[in-house]
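Here is the structure we will look at.
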Amino acid sequence: MELANASGGKVTLNDAVFGADFNEPLVHQAVTAYQAGGRAGTVKQKNRSDVRGGGIKPWNQKGSGRARAGTSRSPIWRSGGVTFAARPRSYKQKLNQKMYRAAMRSIFSELARQERLVVSGISLSEPKTKALTGELKNLSAENALIVVTEADKNLELASRNLPHTDCVDVKSVNPVNLLRHDKVILSPEALQKVEEWLA
């Protein structure tokens with residue numbers, strides 16, 4: 001498969017990586033698993049055993065005319081415990097490495113088919129947002145994910161002020177940020193790394 005690069009030439013893509021069919025259920029599973037892994041899961045409420053007090057029986061079982069009660073920390077009492085109290089938990093979903101890589105291949109292939117993938121080596125001599133905006137305008141990519149091999153401080157600082165532009169290295173590419181942007185700009189070196197990773 002061939003893809004036009006920013007300079008007007010052609011870049012040959014590895015069909016093993018960029019020629020896969022779009023597997024929507026697998027991509028959905030990968031996105032869901034990634035987002036679930038980002039949840040903190042640290043919420044905690046007190047149930048009736050966690051609330052302090054309530055050790056003594058409030059009144060006699062019989063004779064008072066009131067409903068029987070064994071503790072003042074019952075969920076139906078004021079200042080009692082929560083009935084189905086939230087507990088710290090992990091929302092992590094298991095996704096095999098083979099499945100994750102297949103999902104990433106599926107996403108990259110679909111981006112290439114939709115012409116949302118651009119190969120261009122964007123480099124800035126200084127961290128200026130205006131300079132980056134000009135580069136993106138030339139590529140018709142105002143909502144873009146820029147993928148480089150290693151963290152580029154100038155690109156990172158220049159893109160930080162743009163609301164719909166992100167700059168990441170290959171290790172930080174994930175299903176969510178690939179699908180969130182209209183275009184994905186890969187440097188030639190990043191393209192090589194992606195092909196080595198997913199081939």
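Each value in this text was obtained by applying a stated rule to the coordinates, not by laboratory testing. From a predicted model like this one, the values you see are computed outputs, not experimental measurements. Because the Cβ atoms are built from the backbone with ideal geometry, glycine has one as well, and the counts that use them run over all protein chains shown.
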Handout entry: Filter pass, residue 122 being touching a residue at least 12 places away in the same chain (Cβ under 8 Å), surrounded by 15 or more Cβ atoms within 10 Å (Cβ to Cβ) and out of contact with any Asp or Glu (no Cβ under 6 Å at 6 or more places or on another chain)
Key = no
Practice task
Give the residues of region 84-112 that are surrounded by 15 or more Cβ atoms within 10 Å (Cβ to Cβ) and not aliphatic (A, V, I, L, M), sorted by residue number.
Solution key: 100, 101, 105, 106, 108, 109, 110
Exercise for the section: Kindly check whether there is at least one residue in region 130-142 that is within 11 Å of residue 185 (Cβ to Cβ), of a type in the set (Gly, Ala, Ser) and assigned to a helix (DSSP H, G or I). Expected result: no
Handout entry: The lone exception for residue 172 - which of (1) crowded, with 21+ Cβ neighbours inside 10 Å; (2) under 25 Å from residue 36 (Cα atoms) it fails
Key = (1)
Practice task
Give me a count of the residues in region 146-190 that are of a type in the set (D, E, K, R) and closer than 19 Å to residue 100 by Cβ.
Solution key: 3
Fill in the blank from the handout: Scanning region 17-45 for residues that are outside any loop (DSSP other than H, G, I, E, B) and farther than 15 Å from residue 113 by Cβ gives 25, 26, 28, 29, 30, 31, 32, 33, 34, 35, 36, 37
Problem - All positions within region 107-129 that are part of a loop (DSSP other than H, G, I, E, B), polar (S, T, N, Q) and in contact with a Leu (Cβ under 9 Å, 6 or more places away or on another chain) - result: 120, 123
Handout entry: Index of the failed condition, residue 110 passing every other in (1) under 30 Å from residue 184 (Cβ atoms); (2) in contact (Cβ under 8 Å) with a residue 40 or more places away in the chain; (3) under 17 Å from the mean Cα position of the chain (by Cα)
Key = (3)
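Could you list all residues from region 130-147 that are without any contact (Cβ under 8 Å) to a residue 60 or more places away in the chain and either under 21 Å from residue 34 (Cβ atoms) or not hydrophobic (A, V, I, L, M, F, W, C) (or both)?
Let us first name the residues in region 130-147 that are without any contact (Cβ under 8 Å) to a residue 60 or more places away in the chain, namely 130-137, 140-147.
Matches in region 130-147: 130, 133, 134, 135, 137, 140, 142, 143, 144, 145, 146, 147.
Mind checking whether some residue in region 24-45 is among the acidic types (Asp, Glu), within 27 Å of residue 194 (Cβ to Cβ) and touching a Phe, Trp or Tyr at 6+ places or on another chain (Cβ under 7 Å)?
First pass over region 24-45, keeping only residues among the acidic types (Asp, Glu): 24.
Still in the running and within 27 Å of residue 194 (Cβ to Cβ): 24.
From what is left, the residues that are touching a Phe, Trp or Tyr at 6+ places or on another chain (Cβ under 7 Å) are none.
No, region 24-45 contains no residue that is among the acidic types (Asp, Glu), within 27 Å of residue 194 (Cβ to Cβ) and touching a Phe, Trp or Tyr at 6+ places or on another chain (Cβ under 7 Å).
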Completion exercise
Result of the Cβ filter at 7 Å on region 181-198, keeping first residues that are outside any helix (DSSP H, G or I) and partners that are among the hydrophobic types (A, V, I, L, M, F, W, C) and surrounded by fewer than 18 Cβ atoms within 10 Å (Cβ to Cβ), at least 6 apart or interchain, is 185/139
